Amino acid sequence: MSGGRASGRRRGPGARWLRVGLITACAAAAYVGIRHLPTGTNLSKLDPRKKDTNPIEFCDPLRPLFMPAETIPSAVTMTVAPVRPEAGRAVELHFTLRTLTGDPVGPQDLLPSHTKLIHLMVVDPTLTDYEHVHPVPSGGRGSWKVEIRPRFGGVYRLFADFTPVVTQRPLYAVADVVVAGRAAKPEVGTVDLTKGPVVAVGPYRFELIAKHEVKTGTTPGDLALTVTRADGGLVPMQPLMDAFAHLVAFDAKRTGFAHMHPLETDITHLPHPHHPTLNFKMALPNRGRYVVWAEVRLAGRDTFAPFWFEVKR
């Protein structure tokens, strides 16, 4: 990062990210004192001293992270420029990322994760409208832009998922944007993931099945995502951001998210042409209602399917 200003001296990137690490370490310690640490909180892993580790391991499918964006404030803030988006219309958002000491977070400060510097998950209050988009640099240091297409009105929440170069640990930032228009009708039902619920999207059938009941805790459970066609035809699955599928889970109150990737990491090995199945690990910190959005690329088109479920214990 470019040098910040304090006491008239310029500071290097190591010093600034060291402060980020210390701030987040203190936040994690305080959180542990209040309650058991949620599974995989990235803040407990933020250690700027470890600079020689391959960052790919921090997107480990075996250790999914639920990012507690509301419970533990991030060491990076996201500020969205004033805008008046309307439901049903595309809008370009401009925002800045800064450390708590005001230093900008630009593209040179971030590592690519699944081919992108920032993954931005955009959800409405009911979690029935979801987008996964990728901001690009805009103008000055720490400035970014991205286009979103909100379908409904309400306070949309933006979850940014990224990895700083110095820490090589996943981090997040969160912001809200008010969209004018009619709100979506909330989803009221839930499914039993152990019974393999199916969601139809066009000619495709998405099935998500849990090997065992989904429970809270630190031990990830097993999920399997299968995509088929109702007519038994070919499923033209293609790689999407260095994976054949992405799962993103949100709790109903939008306090955080988990961005999960399949255990099948070799994208040169194509899934079954008629019923591709991909396996995931998932761990969630609290009881309550959740939704998992599955995203795959089929015949060049990104396709999404939601699964609502409840964690009872």
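Every read-out reported here was derived from the displayed coordinates using simple, explicitly stated rules and does not represent laboratory data. Keep in mind that what you see is a predicted model, and the values were worked out from it rather than measured. Every residue, glycine as well, gets a Cβ built from its backbone with ideal geometry; the counts of neighbours run over all protein chains shown.
Structural remarks
- Loop GluC sites (Glu not before Pro), segment 112-191, which have at most 15 other Cβ atoms in a 10 Å radius of their Cβ (DSSP): GLU187
- Counting neighbouring Cβ atoms within 10 Å and putting the fewest first, the residues ASP251, ASP161 line up as ASP251, ASP161.
- Segment 148-301: C-alpha gyration tensor shape, a/c 1.5 cut-off, then a/b vs b/c: rounded
- Using the Cβ of ALA180 as centre and a radius below 10 Å, the other residues enclosed give a net charge of +2, where K and R count +1 and D and E count -1.
- Over 23 Å (Cα to Cα) - which of LYS215/LYS253; LYS195/LYS312; LYS145/LYS185; LYS185/LYS215 fall in this group: LYS145/LYS185; LYS185/LYS215
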